[in-house]
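To start, the structure under review is shown below, and the notes come after it.
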Amino acid sequence: MRITALKCALIGQHPTVRITTDEGVDGFGQIESYKPWLTPIVAHYEPYILGQDPTDVERVMLRIRRIGAMKPWGSAVSAIEMALWDLAGRAAGLPVHKLLGGKVRDRVRVYDGAVRAPMTGYDPEDYARAAEFMKAAPEGFTIVKEGVGFHGPMAARTPGFFYGDLRTGPPHPDAGPLTERGLAHAVACVEAMKEVLGDGIGLALDCGPGWMVADAIRFARRVEHLNLMWLEDLLTGDYTPYTDAAAYRDVTLATSTPIHTGEQLYLRQNFKELIERQAVRVIGPDPADVGGLAELKWIAEFAQLHGIAVAPHGVWDGLIGLAAHIQLGAVLPENFIAFEYPVASPAWWYDIVEGLPAPIVRDGHIDVLTGPGLGVRIIPEAAKPHLRPEDAGFFD
C-alpha cells in the first residue's frame, strides 16, 4: 500500500486532512477550528510522504516531524499523523487503540471546556450563573473548566484589575502585575463558581498566560481551600512559543493547588525539562498540536514516571479530533484525568459524521469507539455541499 495524495479541505471552520492510497483505503485527520488559514500549509508536506507505506506510521512521521513548530505550526503535522493512524486502523480492520497497545479503560472521562452559557459580565454572579449552566448540562460533566484572569475578557472588563495597559491583537494579549483589587476579584469569582458546583464537580481554571510569578503564587494559595483540579497556563501557555520550567517550578513548589500547562508545546523534546524538573503537577498536550497520538502517549507515559498527571487539551479539535481523543484516552496510563471535550463547529458537523454514540457523553464519560481506524467517518454526500469550490475534489 502506498500514499497517492495528501489533501486538505476547509469544512466549516476545520481544516480537514485526507490521505489516499493506491488500494482505495484512506484516513482522515483534523486541525482545530481556530486555524482555517493552515489549510494550504498541509500541502507543503505532500512531497515528503508520497509513495510511502501509510501503515508504517512512525517511518512516515520521521520524514515530516522535524518540519513543524510550537502551536499553531505543529497542527498540520499532527493532523497528518492522526490521518495515518486512521488509515492504518482501517487497513487492519482494527480501532486505533488496538494499534497503540490496547485499551486500559472502556470509557473515557471528558471535562467541559466549551459547553457553557455566553458570559454577559465578569463579576462573581456572572461566574456563578456559568457554573449553574455547566452543572445542569445533560452531559453530566464531573469536571468543568472556566477562564479567569488573563484568559478571556476578565482583565479587560474589570477596572483596575492589573498594573498595565490593555492591548488588542492575538488571543489573550494582556499581561502584567495584578492589583490587590484584581487578585481579590479573581478569587471571589472562583469562590462563586465552586459554591455552585459543590464537591461533586471538579473545577479547573484556565488562567493565562500573563501572570507574574508572585501573583500566581498568591492566587494559587488563596484558592487552596477550594480543592481545584488545576490552574492552567498562568505564566506561559496558549500560543506562547516556549515554556519557562524554572518559573513554573517556583509556583508549583509554593502551593498545594495543582499547576498545569502544555497545550502549546510541540513534540516530546519540549516537555522534557517541564517533566524532569517536575515543574507542574498536570500537563495538557493537545494531540492536534503536539505531533499526534503516539507522541502524546509517549509524553503521558514519561510524565507518569515523574508523578505528573495528564489532562489533554482539545476543545476546538472537532469531531474527527474527538474520535482521536477517545482512541488516545483509551490507552493512556493511570495518570490520565480527562480530556477536554471538543464540540462541532459549526453544529452541522454532527450531520456529516457517522460512528459517534448518541448521546455522545453520558455521566461525564464517552464509551471507547470500537470501529476501525478512529471509529468515525465523514459521510461524503452529506459533506460535499459544505465544501468550498476550491475543495471540490477532496472526496475524489
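None of the figures in this text is laboratory data; all of them are computed from the coordinates on show. Everything quoted here is computed from the prediction, not taken from an experiment. All Cβ positions, glycine included, derive from the backbone under ideal geometry; neighbour counts span all protein chains shown.
Here are the numbers:
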{"item": "Translational diffusion coefficient (Stokes-Einstein; Kirkwood radius from C-alpha pairs) of segment 326-385 at 37 °C, 0.692 mPa s, in µm²/s", "result": "250 µm²/s"}
{"item": "Cα centroid of segment 357-394 to Cα centroid of segment 238-268, whole Å", "result": "33 Å"}
{"item": "Label point at Tyr239 placed 7 Å out along Cα→Cβ; residues across segment 339-365 whose backbone nitrogen lies under 14 Å", "result": "none"}
{"item": "Amide H contacts of Leu10 (H built 1.01 Å from N, under 5 Å, at least 5 apart or other chain)", "result": "Thr16, Arg388"}
{"item": "For peptides 123-136, 293-306, sequence by mean Cβ density within 10 Å, most packed first", "result": "293-306, 123-136"}
{"item": "Segment Ala136-Glu273, length gained on full extension (0.36 nm per residue, minus Cα span)", "result": "45.3 nm"}
{"item": "Gain in span if fully extended, Thr4 to Ala43, counting 0.36 nm per residue against the direct Cα distance", "result": "12.7 nm"}
{"item": "Percentage, to the nearest whole number, of Cα pairs in segment 99-374 over 36 Å apart", "result": "11 percent"}
{"item": "Residue-span extension gain [Glu390 to Asp53] - 0.36 nm each, minus C-alpha spacing", "result": "118.5 nm"}
{"item": "Phi to ³J(HN,Hα) by Karplus 6.51 cos²θ - 1.76 cosθ + 1.60 over segment 167-175, Hz, x for Gly, Pro", "result": "10, 10, x, x, x, 6, x, 7, 6"}
{"item": "When each of Lys194/Lys272; Lys145/Lys384; Lys98/Lys272; Lys297/Lys384; Lys103/Lys145 is checked by Cα-Cα distance, pairs over 32 Å", "result": "Lys194/Lys272; Lys145/Lys384; Lys297/Lys384"}
